[in-house]
Amino acid sequence: MNQGLGASFEPHEFWQAFSAPGSFEPEPVDGHLGFYPAELADGRQLCLPLRVLPGDGKSAVSSLILNQASFTVEDGLAAALVMLLRAMAPEIIIGVPTLGLPLASNVARRLGHTRMVPLGTSRKFWYRDDLSEPMKSITSPTAAKTLYIDPRMLPLLRGKRVAVVDDVISSGQSMGAVLRLLAKAEIEPVAIGCAMLQGRHWEEPLAAWRDRIVAPLRSPRFVLNEKERWLPEV
């Protein structure tokens, strides 16, 4: 299909359905316009809108906002992530706020777990400062938050095979904060799962964890070319 059709998509049309394998050209010679068709292992495609990053307007990422996705898409991504996580045999899932929480819950249910452990960014009065960590993300670069783990959840995690689940890993900043927080609680995950790995900027800050990170979708970062279209960043 013509890649230019993406220009007619309205934002709410994204993330609502998978397209059949081969519906869109994954690497158009002239570049992408409006969206990027990320592919699952079975070839199904999910059209993701291209969002221009702050700065000179010449860099962009493909966006996945899971709490705006249809249940069909969330279920499909959760099922695909579970297939990747099963080999690590996680006994309990930790969910990363905010967008990673629905995916973590979905994944935990599919693994047959009775619950998952959510991290939080809202401090409850029984939380401890020594179990907190500042956090930033690519989507909220100027809005620093503080990440907490509920000390009452620690008995569920200690001595268990723990997997951390988030929506997207991009710069690695958010996941780095999660891992530092868990280290304070003496917890080392056996796996890190997300719906999508975005670009490669995360690889250096999370280098020690690369062999434990899995995702059903991958997407490059993009740079604007002379034809006002988007090519994968080299």
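The values are calculated or read from the model by the stated rules, or taken from the named source; none is laboratory data. Source: prediction; values computed, not measured. Cβ atoms come from the backbone with ideal geometry, glycine included; neighbour counts cover every protein chain shown. Ligands, DNA and RNA are stripped out before the accessible areas are found, and what is left, the full protein with its side chains, is counted by its heavy atoms. Shrake-Rupley method; radii C 1.70, N 1.55, O 1.52, S 1.80 Å.
In the stretch 43-166, the portion of solvent-accessible area held by carbon and sulfur atoms comes to 53 percent [1.4 Å probe, whole percent, DNA, RNA and ligands not counted]. Within the listed set 207, 104, 60, the residue fluctuating most in the Gaussian network model of the chain (springs between alpha-carbon atoms under 10 angstrom) is 207. In summary, the lysines within cross-link reach of residue 227, defined as a Cα separation below 30 angstrom excluding same-chain residues under 8 places away, comprise 58.
Dipole orientation for the chain: of the candidates 175, 132, 225, 132 has the Cα lying most toward the positive pole (charges on Cβ; Lys, Arg +1; Asp, Glu -1). For the stretch 60-101, the percent of C-alpha pairs falling in each 5 Å distance bin, counted from 0 to the bin holding the largest distance, reads 5, 17, 23, 27, 17, 9, 2, 0.
Taking Rh as the Kirkwood radius computed over C-alpha pairs, what is the Stokes-Einstein D of the stretch 104-182 at 4 °C in a medium of viscosity 1.567 mPa s, expressed in µm² per second?
Estimated via Stokes-Einstein, D reaches 95 µm²/s.
Comparing 176, 95, 57 in a Gaussian network model of the chain, where Cα atoms under 10 Å apart are tied by springs, the biggest mean-square fluctuation is seen for 57. With the simple spin-label model, which puts each label point 7 Å out from Cα in the Cβ direction, the residue 228 to residue 190 separation comes to 5.3 nm.
What longest range of the chain stays clear of loop-exposed trypsin sites (Lys or Arg not before Pro) (DSSP non-H/G/I/E/B, at most 16 other C-beta within 10 angstrom)?
After excluding every exposed loop site, the longest remaining stretch is 1-57.
Here each label is just a point 7 Å from Cα along the line to Cβ, and for residue 146 and residue 211 those points are 3.7 nm apart.
Across the accessible surface of the stretch 179-234, with the other protein chains kept in place and a 1.4 Å probe, carbon and sulfur atoms take up 47 percent.
Which net charge results for the neighbourhood of residue 231, defined as the other residues with beta-carbon distances under 12 angstrom from its beta-carbon, given Lys and Arg at +1 and Asp and Glu at -1? Value of the local net charge: -1.
Using only the C-alpha atoms of the chain, find the volume of their convex hull and express it per residue in Å³.
So the per-residue hull volume is 127 Å³.
Shown here for the stretch 46-151: chymotrypsin sites (Phe, Trp or Tyr not before Pro) in loop regions (DSSP other than H, G, I, E, B) with at most 12 other Cβ atoms within 10 Å, namely 125, 126.
Residues considered: 52, 162, 96. Largest GNM mean-square fluctuation over the chain, using C-alpha springs under 10 Å, is found at 52.
Restriction of the GluC sites (Glu not before Pro) in the stretch 33-100 to DSSP coil positions whose beta-carbon has at most 12 other beta-carbons within 10 angstrom yields no sites.
Straight Cα distances below 21 angstrom link residue 136 to the lysines 124, 145, 184, with same-chain residues fewer than 8 positions distant left out. For the chain, the solvent-accessible area with a 1.4 angstrom probe is 49 square angstrom per residue.
Taken about its Cα centre, the chain carries a charge dipole of roughly 940 debye when the Cβ of each Lys and Arg holds +1 and the Cβ of each Asp and Glu holds -1.
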